[in-house]
Structures are given as structure tokens and as C-alpha cells.
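So that we are looking at the same thing, I have put the structure below in C-alpha cells.
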Amino acid sequence: MNTTTSTQHPCPTPISALIDLERYPVDQPDSARYAALVAEARTTLDAEGCAVIPQLLHTTALPIMSAEILGIRPFLHESKIHINPYFSEGDPSLPDDHAINTFAERSGGFIPRDAFDATSAIDAVYQWPPLLAFIADCLGLPEIHCYADPLAGLTINALDPGQQFAWHYDTNDFAVTILVDEASAGGLFQYSPNIRSSGDENFDGVRACQDEDLATVQTLQLRPGDLQIFRGRFSLHRVTRVAPESPPRHTAVFAYTEKPDVIGRLERTKQLFGRALPAHEEAERSRARSDELKD
Ligand SMILES: O=C(O)CCC(=O)C(=O)O
Ligand SMILES: [Fe+2]
């Protein structure tokens with residue numbers, strides 16, 4: 001595939017210096033190595049709802065991206081709230097100890113899409129067409145698109161020392177994440193693979209996780225530069241509390257959708273970013289949901 005076309009990203013660092021294309025020839029879909037990578041990712045996605053491409057990024061990309069995040073940290077929207085896994089209100093008609101009525105701390109923040117500079121190296125990786133095609137192949141999808149949401153499409157998830165992201169589901173069917181800055185202690189990504197399905201919320205299984213019964217839970221050993229493909233709509237997950245002595249943990253969250261021009265929910269956007277844009281209000285009015293899940 002020709003990657004030096006007119007659609008080239010304005011990032012001054014070439015993609016070959018950001019992604020380790022020798023180890024991961026994501027721009028050579030006809031190569032045997034590409035086929036092997038896709039087959040391996042599909043196997044672990046099917047079995048566990050999660051695939052990790054270790055060290056997809058060149059180590060030289062990490063200081064560039066860390067510096068970029070520091071530069072846009074003033075745009076961080078921080079909050080400390082108590083959430084249930086569905087980001088919803090409690091339900092007084094259900095018992096107090098029901099999963100829906102069980103809230104835990106979600107502290108931390110997001111740096112929104114509109115904070116990124118046009119020349120961003122993180123954005124260059126997020127938008128690189130061969131990477132999108134590779135991720136779609138891993139997921140068994142014909143194609144994926146950058147999430148058109150003007151705040152949530154590309155975000156940095158920041159967890160400062162003492163912060164945690166409690167058990168929750170994502171609203172996207174899958175999420176793609178790159179750990180950029182790791183915590184020195186705590187800040188572990190944990191998940192319960194496919195704990196719910198579109199027909200079964202499995203509230204008892206969720207409640208067990210909330211009670212720290214981790215029998216169904218896996219802990220990922222992620223390193224900076226690893227790409228994670230994750231089915232977060234069906235797999236309950238969290239990031240454990242970052243230790244007080246740790247540096248902040250930063251992940252780049254690459255949101256993609258199967259269809260183009262998708263925009264996030266109005267209330268959830270306000271909850272996550274403290275604001276919404278007119279595009280969100282407009283989309284809310286014309287929305288027809290494709291499933292009945294609880295967020
Ligand atoms: O920071 C991460 O590793 C992922 C956090 C997460 O679950 C999310 O942003 O929805
Ligand atoms: Fe999540």
C-alpha cells in the first residue's frame with residue numbers, strides 16, 4: 001500500500017518513526033507476517049475479548065507522545081464521581097445491593113479531541129489508514145472509521161496518583177488504546193471477558209467483581225507503546241488506583257466506529273467532559289439506538 005499519498009498527516013515525524021513497521025508490517029496486508037498477526041489477534045479477541053500488540057510503537061515515539069500529552073494537559077477535564085458500571089442513576093425499585101445500585105469511585109480525567117494539535121503524533125497514529133485497516137481485520141470487520149465525535153474521538157485518559165477508574169462498560173463495541181505513560185505502581189487494567197451479552201446483563205457476575213471476587217477477572221501486563229484492542233461493551237473493566245508515589249498514567253484512547261459519522265450521547269458527553277457541543281444535541285434528537293443495553 002502506498003502510504004505517501006496526498007492524505008498524509010501533517011505530523012512532522014514520519015509514521016515509520018512512530019510505529020515499528022519492521023516488527024509489525026501493518027502497511028503490508030498481503031504479507032505472511034500480517035496474516036499471522038491478524039490470526040493471533042483474532043484468536044485472543046474471540047477467546048478473551050482482548051488483543052495486545054506489544055510495542056507497536058517505536059521506543060522513540062514515546063518521549064514525543066509523552067511531551068505532547070504534557071503540553072495539552074491544561075485541557076484535562078478532571079472529575080471525581082461515583083459511578084455504577086452503566087454510568088446510570090440507581091434504580092430504587094431494585095435492592096440496594098444490586099449491581100445497578102452499587103457505585104464506586106471514578107476519579108481522573110480526559111483530554112478531549114479538540115485539545116490535540118493538527119500536527120499531533122498521537123493523532124497521526126490514530127488516523128493512519130493502514131492501522132485502521134489492520135485493526136478492522138483483527139476485529140473481523142470490513143472497515144472501521146475514526147469516531148466522528150468532536151470531543152471523544154481521540155482522547156487521553158489520565159489517572160493521577162491516587163485516582164482510579166471503577167468497573168464500567170464502554171459505549172463502543174470495541175476500544176483501541178495505547179498506553180503512553182505507565183504507573184510505577186497500581187494503575188492496572190483489569191477486565192472480565194464477555195461477562196455480559198446483548199441478551200443477558202449477568203448482574204450477579206457484575207456484582208461479584210464489585211465485591212472484589214476476581215474469579216472471572218484478568219489483569220493485563222501492559223507496557224508503554226503496547227496497542228490494546230478491547231471489546232469494552234461486553235467486558236466489564238477498570239483501572240485500579242494509581243499509587244500515591246507513582247507518576248500519572250496516560251493512555252491514548254483511539255475510538256473507532258463501524259459506520260462513519262457516529263457521535264456520542266449528550267448526557268454521557270457532559271458527564272465525561274463537563275460540556276457538550278451543538279453537534280451532540282443535534283445527534284441526540286435524531287438518534288435511534290440499535291440495542292437495549294443499559295447505557
Ligand atoms: O485507560 C485505560 O486503560 C482504559 C480506560 C477505560 O476503560 C476507558 O477509557 O473507558
Ligand atoms: Fe473503558
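With the requirement that a residue be surrounded by 18 or more Cβ atoms within 10 Å (Cβ to Cβ), out of contact with any helix residue (DSSP H, G or I) (no Cβ under 9 Å at 6 or more places or on another chain) and farther than 13 Å from Ile144 by Cβ, what does the stretch 252-272 give you?
Selection gives Val253, Leu272.
This table checks each residue for (1) in a strand (DSSP E or B); (2) aliphatic (A, V, I, L, M); (3) more than 26 Å from Ile122 (Cα to Cα).
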{"residue": "Leu45", "(1), (2), (3)": "no, yes, no"}
{"residue": "Ala51", "(1), (2), (3)": "yes, yes, no"}
{"residue": "Thr59", "(1), (2), (3)": "no, no, no"}
{"residue": "Pro63", "(1), (2), (3)": "no, no, no"}
{"residue": "Ala67", "(1), (2), (3)": "no, yes, no"}
{"residue": "His82", "(1), (2), (3)": "yes, no, yes"}
{"residue": "Pro85", "(1), (2), (3)": "no, no, yes"}
{"residue": "Ser93", "(1), (2), (3)": "no, no, yes"}
{"residue": "Asp96", "(1), (2), (3)": "no, no, yes"}
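Something else about it: Go through the residues of the stretch 196-211 one by one and say whether even a single one is within 14 Å of ligand 1 (Cβ to nearest atom) and in a strand (DSSP E or B).
No, there is no match, as no residue in the stretch 196-211 is within 14 Å of ligand 1 (Cβ to nearest atom) and in a strand (DSSP E or B).
Also, I was wondering about something else. Select from the stretch 156-186 the residues that are away from ligand 2 (no atom under 11 Å from the Cβ) and polar (S, T, N, Q) and write down the one among them that is surrounded by the fewest Cβ atoms within 10 Å (Cβ to Cβ).
Here the answer is Ser184.
Here's another thing I want to ask about it. Of all residues in the stretch 136-165, which are away from ligand 1 (no atom under 16 Å from the Cβ) and among the hydrophobic types (A, V, I, L, M, F, W, C)? Can you show your working first?
Initially, the stretch 136-165 is screened for residues away from ligand 1 (no atom under 16 Å from the Cβ), giving 136-146, 148, 150.
Correct list: Ala136, Cys138, Leu139, Leu141, Ile144, Cys146, Ala148.
For the stretch 50-92, enumerate the residues that are modelled with pLDDT of 95 or more and at positive phi.
Result: Gln55, single match.
Return the total of residues in the stretch 215-264 being away from ligand 2 (no atom under 14 Å from the Cβ), assigned to a loop (DSSP other than H, G, I, E, B) and modelled with pLDDT under 95.
Going through the stretch 215-264 one residue at a time, the tally reaches 7.
Provide a single number: the residues in the stretch 219-257 that are more than 16 Å from the chain's Cα centre (by Cα), hydrophobic (A, V, I, L, M, F, W, C) and either away from ligand 1 (no atom under 12 Å from the Cβ) or under 24 Å from Glu201 (Cβ atoms) (or both).
Count: 1.
Also: Please specify each residue of the stretch 142-154 satisfying the condition of being of a type outside the set (Ser, Thr, Tyr) and either part of a loop (DSSP other than H, G, I, E, B) or more than 16 Å from ligand 2 (Cβ to nearest atom) (or both).
Passing the criteria: Pro142, Glu143, Ile144, His145, Cys146, Ala148, Asp149, Pro150, Leu151, Ala152, Gly153.
Starting from the stretch 155-171, keep only residues that are closer than 14 Å to Arg241 by Cβ and part of a loop (DSSP other than H, G, I, E, B), then list their pairs with residues that are β-branched (Val, Ile, Thr) and more than 9 Å from ligand 1 (Cβ to nearest atom) whose Cβ atoms are within a distance under 8 Å, requiring at least 6 positions of separation or different chains.
Asp160/Val242; Pro161/Val242; Gly162/Val242; Gln163/Val242; Gln164/Thr240; Gln164/Val242
Within the stretch 88-127, can you find the residues that are within 13 Å of Ala252 (Cβ to Cβ) and over 16 Å from the mean Cα position of the chain (by Cα)?
Of everything in the stretch 88-127, those that are within 13 Å of Ala252 (Cβ to Cβ) and over 16 Å from the mean Cα position of the chain (by Cα) turn out to be Ala115, Phe116, Ser120, Ala121, Ala124.
Something else about it: Looking at Glu212, is it acidic (Asp, Glu), free of Cβ contacts under 8 Å to residues at least 60 places away in the same chain and either farther than 29 Å from Pro142 by Cα or surrounded by 12 or more Cβ atoms within 10 Å (Cβ to Cβ) (or both)?
Spelling it out, Glu212 is indeed acidic (Asp, Glu), free of Cβ contacts under 8 Å to residues at least 60 places away in the same chain and either farther than 29 Å from Pro142 by Cα or surrounded by 12 or more Cβ atoms within 10 Å (Cβ to Cβ) (or both).
Considering the stretch 15-43 alone, what residues qualify as being assigned to a helix (DSSP H, G or I), among the aliphatic types (A, V, I, L, M) and free of Cβ contacts under 8 Å to residues at least 40 places away in the same chain?
Hits for the stretch 15-43 are Ala32, Ala35, Ala36, Ala39.
For Phe189, state whether it is touching a residue at least 12 places away in the same chain (Cβ under 8 Å), surrounded by 21 or more Cβ atoms within 10 Å (Cβ to Cβ) and more than 10 Å from ligand 1 (Cβ to nearest atom). Spell out how you get there, then give the answer.
Working: touching a residue at least 12 places away in the same chain (Cβ under 8 Å): yes; surrounded by 21 or more Cβ atoms within 10 Å (Cβ to Cβ): yes; more than 10 Å from ligand 1 (Cβ to nearest atom): no.
When the stated conditions are applied, Phe189 does not pass them.
The values are calculated or read from the model by the stated rules, or taken from the named source; none is laboratory data. Nothing here was measured: the structure is a model prediction, and the numbers come from that model. Note that we place each Cβ from the backbone using ideal geometry, even for glycine, and neighbour counts take in every protein chain shown.
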